[in-house]
Amino acid sequence: MFKKINHIGIVVKSLEEAIPAYSKGLGIAPEKITEIKDVQLKVAVLRIGEVEIELLEYGNPDLPIAKALRANQPGINHICYEVTQFDQTMANLRAQGFSLVEGFPRKGVHGKIAFFVPPHAPLERMEILEVEGKHE
């Protein structure tokens with residue numbers, strides 16, 4: 001079910017400011033910059049080994065889905081776990097008391113995603129991802 005850590009999401013106020021800082025600091029350039037229009041989200045993807053760093057700039061942190069994902073709080077936002085058997089993984093998490101964030105599951109940058117709030121940490125967000133083309 002859980003395969004590996006796919007990425008770490010970091011909320012930034014401005015990709016224009018954050019990309020040069022991360023690129024120079026880490027010595028890497030973004031592999032891609034993409035946009036999820038319905039959430040007003042711009043994402044810059046940087047890779048370190050097998051793990052990606054996603055810099056997340058929300059155009060409107062007051063949108064309900066953005067609020068649920070703490071888009072107004074700069075800094076480390078979530079860890080994304082790549083999974084197989086997406087629906088079963090979702091059911092298992094919910095059975096263990098993890099709350100599904102409203103508006104999920106949905107399509108994300110890399111495939112099907114869902115965000116959860118762990119029962120022990122209401123400010124924490126956890127993402128699961130089934131990468132497109134890697135269904136098992």
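The values are calculated or read from the model by the stated rules, or taken from the named source; none is laboratory data. Since the model is a prediction, treat every value here as computed from it, not as a measurement. Here the Cβ is made from the backbone with ideal geometry for all residues, glycine too, and neighbour counts use every protein chain on show.
Scanning the range 1-52 for residues that are of a type in the set (Gly, Ala, Ser) and either part of a strand (DSSP E or B) or touching a residue at least 12 places away in the same chain (Cβ under 8 Å) (or both) returns Gly9, Ser14, Ala18, Ser23, Ala29, Ala44.
Note on the range 18-68: residues that are more than 19 Å from Val101 (Cβ to Cβ), aliphatic (A, V, I, L, M) and surrounded by 14 or more Cβ atoms within 10 Å (Cβ to Cβ) amount to 8.
All told, Gly108 meets the bar of being within 11 Å of Leu129 (Cα to Cα), modelled with pLDDT under 95 and either exposed (fewer than 13 other Cβ atoms within 10 Å of the Cβ) or under 12 Å from the mean Cα position of the chain (by Cα) (or both). Of the residues in the range 69-79, at least one is under 26 Å from Pro119 (Cβ atoms), of a type in the set (S, T, N, Q) and surrounded by fewer than 17 Cβ atoms within 10 Å (Cβ to Cβ).
Criterion applied to Val11, Val83 was being among the β-branched types (Val, Ile, Thr) and over 20 Å from Glu132 (Cα atoms), and the one residue passing it is Val11. Of all the criteria given as (1) touching a Cys at 6+ places or on another chain (Cβ under 8 Å); (2) assigned to a helix (DSSP H, G or I), the one not satisfied by Ala91 is (1).
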